[in-house]
Amino acid sequence: MKSFVSPYNFVEGVNIKEDPKNIIVYDTTLRDGEQTPGVCFSPDDKLEIALKIDELGLPQMEAGFPVVSEGERRAIRNIMKASLTTEVLALTRTIKSDIDTALSCDVDGIITFIGTSDLHLNYKLKISREKALSAAVDAVEYAKSHGIFVAFTAEDCTRADLDFVLQLFKQTTEAGADRIHIADTTGSIRPMGMKHLVTQIKNKINNTIGIHCHDDFGLAVANSLAAFEAGARAISTTVNGIGERAGNASLEEVVMNLRLLYGIEMPFKYEVLYELSRLVEKYTLMPVPNNKAIVGDNVFAHESGIHVSAVRQEPLTYEPYMPEFVGQKRRFILGKHCGMSCIEAKLEELNLKVPPNEKETLIIKVKEMAETGAKVGDREFKNMVQEILSKG
Ligand code: MN
């Protein structure tokens, strides 16, 4: 793929080399994403999104929280019937009946979680650390006895006591957990803090570390990548970064960072990212901002004369990679900052011709219209061209 990112990413000491097989991106659009206030997917919506995630080629997805409702269980069972290549996980508390409910949906595995910070233990769960520890170990042992994949999540891990977290991860690992997850439940850590935390855990616990970040400070993706740099090898994401409060680490941003800024070629069909984003936009009724990284409509749109002129000669002058890679399209936008190059690009795109000496008139007309605050769309541009031609 044609792309060019900063070579400084790949100097010794900065570059992270990893076999793509060792990296698990597990998407939780259908679980944490659905916990976005006001969002509710129908079983059909969930299936359609799951099929698209499967087409993208992620190794795992979290499909829901089975104890929530009968509809949720029906949705998960429907997804299971579709026999996806992507492994399907469900969320459970560290409660036996939650795990039984998940098992009744035939899922490939579970993510079982318990609050680990004193805030969660004292105010939410009202239990001691000892009790939380035994609940976590029992849940992992019970789920593992059914032969499924089990990840254990330390909820609010980034605000919990490190020794306690280490104890939890050590004992759940010994109980058979296939992976341990750090949840930055309130998005309250910064990248260097995350690196420190992951390093501490990695040094003492022999298990794969997963990471689930929230975007309360706009750092979900940065923190996920910091965790990856420190040795975490599973990253939780959601399409468009939806999720509780400010949302989660965005799937499209995480996978494109790994692909281009880390140079790791994951076996994904990256070109469905835009389509997947629009699908989730449709079912959440949450419009994707035009300036959203990777999937926003402005990401490959150019208006300023200098940019348009350069991009027409070599797109990489003002784009880090080609839009088709993520299923996007390059667009030239008419507006106040337009120059000759923009007008020529538009004429070419719409297959229109005007005498060379009239192109300057078009620039003036476009700028005048844009400065009234009106949008200069293709239709308006065609009218301008028509006007010029009819005069001639
Ligand atoms: Mn979450």
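Just check the stretch 1-128 against the gyration tensor rule for me: Cα atoms, a ≥ b ≥ c as the square roots of the eigenvalues, rounded for a/c under 1.5, and otherwise prolate or oblate depending on whether a/b exceeds b/c. Cα axes put the stretch 1-128 in the oblate bin. What separates the Cα centres of the stretch 227-288 and the stretch 125-190 is a distance of 25 Å.
Annotation: the stretch 20-284 has a Kirkwood hydrodynamic radius of 18.1 angstrom, from the mean reciprocal C-alpha pair distance.
The local environment of A175, defined by Cβ-Cβ distances under 9 Å, has a net charge of -2 under the rule Lys, Arg +1 and Asp, Glu -1.
Can you pick out the pairs among K81/K131; K46/K202; K329/K375; K52/K292 whose Cα atoms lie more than 28 Å from each other? Working shown, then result.
Working: K81/K131 37 Å; K46/K202 35 Å; K329/K375 20 Å; K52/K292 20 Å.
With Cα atoms farther than 28 Å apart: K81/K131; K46/K202.
Sorting the segments 270-279, 309-318, 201-210 by their residues' average number of neighbouring beta-carbon atoms within 10 angstrom, most packed first, yields 270-279, 201-210, 309-318. Between the amide H of L89 and those of M61, E62, A63, distances stay under 5 Å, these residues lying 5 or more places away or on another chain, with hydrogens modeled in the peptide plane.
Computed over the stretch 301-391, the alpha-carbon pair-distance distribution with 10 angstrom bins reads 17, 49, 27, 7, 0, each value a whole percent.
Round to a whole number: what % of the accessible area of the chain belongs to carbon and sulfur, probe 1.4 Å?
Working: 9110 of 17730 Å².
Roughly 51 percent, rounded to a whole number.
Annotation: aspartates and glutamates with alpha-carbon distance below 15 angstrom to K353 (same-chain offsets under eight excluded): E344, D378, E387. Can you tell me, using C-alpha contacts under 8 Å and at least 6 residues apart, the relative contact order of the chain as a whole percent? Reported relative contact order: 15 percent.
Which whole-number value in Å² is the accessible area per residue of the chain, probe 1.4 Å? If you can, show how the numbers build up before the last one.
Details: 17730 Å² over 392 residues.
Spelled out: the 1.4 Å probe surface of the chain, per residue, equals 45 Å².
Using R0 = 56 Å, the C-beta based FRET efficiency linking R245 and K391 works out to 0.45.
Placing pseudo-labels 7 Å out from each Cα toward the beta carbon at K81 and E275 gives an inter-label distance of 2.4 nm.
On the beta carbon distance between E324 and E348, with R0 = 22 Å, the FRET formula returns roughly 0.75.
Distance between the 7 Å Cα→Cβ label points at S188 and L261: 2.5 nm. Place a label point 7 angstrom from the Cα of K336 along the Cα-to-Cβ direction, then list the residues of the stretch 372-386 whose backbone nitrogen is under 17 Å away. Residues 372-377 fall inside that zone. Count Lys and Arg as plus one, Asp and Glu as minus one, and take only other residues whose Cβ is under 13 Å from that of K382; the net charge is then 0. Between R129 and H196, the simple label model (points 7 Å from Cα in the Cβ direction) yields a spacing of 1.8 nm.
Note that the stretch 152-165 has calculated 3J(HN,Hα) couplings of 10, 9, 8, 6, 6, 4, 6, 10, 9, 5, 4, 4, 5, 4 Hz, one per residue in order, obtained from phi through the Karplus relation 6.51 cos²θ - 1.76 cosθ + 1.60 (θ = phi - 60°); glycine and proline are x. The separation of the stretch 291-316 from the stretch 369-391, counted between C-alpha centres, amounts to 22 Å.
The values are calculated or read from the model by the stated rules, or taken from the named source; none is laboratory data. Predicted, not measured: the structure shown is a model, and the values here were computed from it. Please note: Cβ atoms are built from the backbone with ideal geometry, for glycine as well, and neighbour counts cover all protein chains shown. All accessible areas refer to the heavy atoms of the entire protein, side chains included, with ligands and DNA or RNA removed. Shrake-Rupley method; radii C 1.70, N 1.55, O 1.52, S 1.80 Å.
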